[in-house]
Amino acid sequence: MENTTSTPDTDPGSDHHEPTSNIPGEARPIFSPPPYWHHSRNASYSSQLSSERPPPIILEDHTLSQAASRAALWAKSIAIDDYVIVHGTTPGIGSYVVWNCKVQTLDGGPMTIRKRYSEFDELRSKLIKAFPHSTNSSLPPLPPKSAIYKFRPKFLEKRREGLAYFLNCVMLNPEYAGSTIVKDFIFPPEM
């Protein structure tokens, strides 16, 4: 009588393959592929993907919108046109510079505010405390101070440019412009 060993029928399309062994009594390890080898896609999956198109791009005009970010922005442009040196009682002592800032609003005409460098410095410090995560990338440093050159025209022109850049970055950023810190800077509360 002929000794036949029967092996289970395996489906050629199956992912499970059992190795055959010619040694009698040896356990046959079952090969099972990792779960990421199994694909649930059928033949029409790629054609189905290509037939689904993303929705068309829609252009919307938000200029008249009252969205929260739009409501926070109220300045159109900011410029520091000039400065005035205020002299103290003693020549050279107690003197300071006042910067004339012109703010063009979205809804009305221009406003002129007058600020000292120390007020810009205070604004920046308050914004850093109130917005610690945002200020790293969107809040530029103020121009440097100088005890020697502080009233020289060339130094004051560089400072004017730096303060104008700083104020534009603050006033044209909806996160900052909508804050009470900035509103108190522009419209100081009466004491």
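Where a number appears in this text, it was derived from the coordinates with a stated rule and is not lab data. From a predicted model like this one, the values you see are computed outputs, not experimental measurements. All Cβ positions, even for glycine, are placed from backbone atoms using ideal geometry, and neighbour counts span all protein chains on display.
I need the peptides 93-103, 167-177, 139-149 ranked by packing, meaning the mean over residues of other C-beta atoms within 10 angstrom, with the highest value on top.
167-177, 93-103, 139-149
Over the Cα atoms of region 71-186, how large are the radius of gyration and the largest Cα-Cα distance (Dmax), in Å?
Expressed in Å, the Cα Rg and Dmax of region 71-186 come to 14.7, 47.
Between GLU175 and THR90, take the C-beta separation as r, use R0 = 41 Å, and let me know the FRET efficiency to the nearest 0.05. Intermediate values should be presented prior to the final figure.
Numbers: r = 43 Å, r/R0 = 1.06.
Working from the Cβ atoms, E equals 0.40.
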